[in-house]
Amino acid sequence: MAEEAEEAEEAGEAEEAEDSEETETDDELESADGNGSAEPTVAASGSRSGRIYRGKSGMWVFMLHRITGIGILAFLLLHIADVAAVGWGRNAYNTIHALYESFGFRLVEVALLGTLLFHALNGLRIIIIDMWERGADYQKELTAAVVVAFLALFGSGATAMIYSYFQTKGH
């Protein structure tokens, strides 16, 4: 009995040592920012609940990609409701389409343009990082390219959309 207890204790200690080695390795991998430098992401006690995000560009781009994806989904649902309005009758359909002619909805369309552009450009950045062997080495440069392309395309597109609204309304 004593031998079994001693073996169980030794096995438990060995598992704890393996777990701590894995945690250290995981923490080192998770804390690297892709440029060889690392910042601690785990509280001093080694607890995974003590993570603190330092606010680097990669996380912001990650979050924006998810948010724009949700925005595109919301537009898709709105579009489905719009098409379904045909079945609700001519009055319902015309009421919804009258809303589309307002300036407020034009601003929603401009926001949709921005959402689609960012999501598409960032999706291309992700594809490049995934498919190109050295893509991860150029994350910051690719992110900067996405921002520049987004600003150029969104600026010109938004300007054209707002300008055309006033041209069609005779203002």
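Any read-out appearing in this document is the output of simple, stated calculations on the displayed coordinates, not a laboratory observation. None of the values given here were measured: they were computed from a predicted structure. Cβ placement follows ideal geometry from the backbone for every residue including glycine, while neighbour counts extend to all protein chains displayed.
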Practice item. Compute the length gained on full extension between Ala74 and Ala92: take 0.36 nm times their separation in residues and subtract their Cα-Cα distance, giving the result in nm to one decimal. Key: 4.5 nm
Exercise for review: Using R₀ = 41 Å, calculate the FRET efficiency as 1/(1 + (r/R₀)^6) where r is the Cβ-Cβ separation of Lys140 and Tyr100; round to 0.05.
Suggested key: 0.55
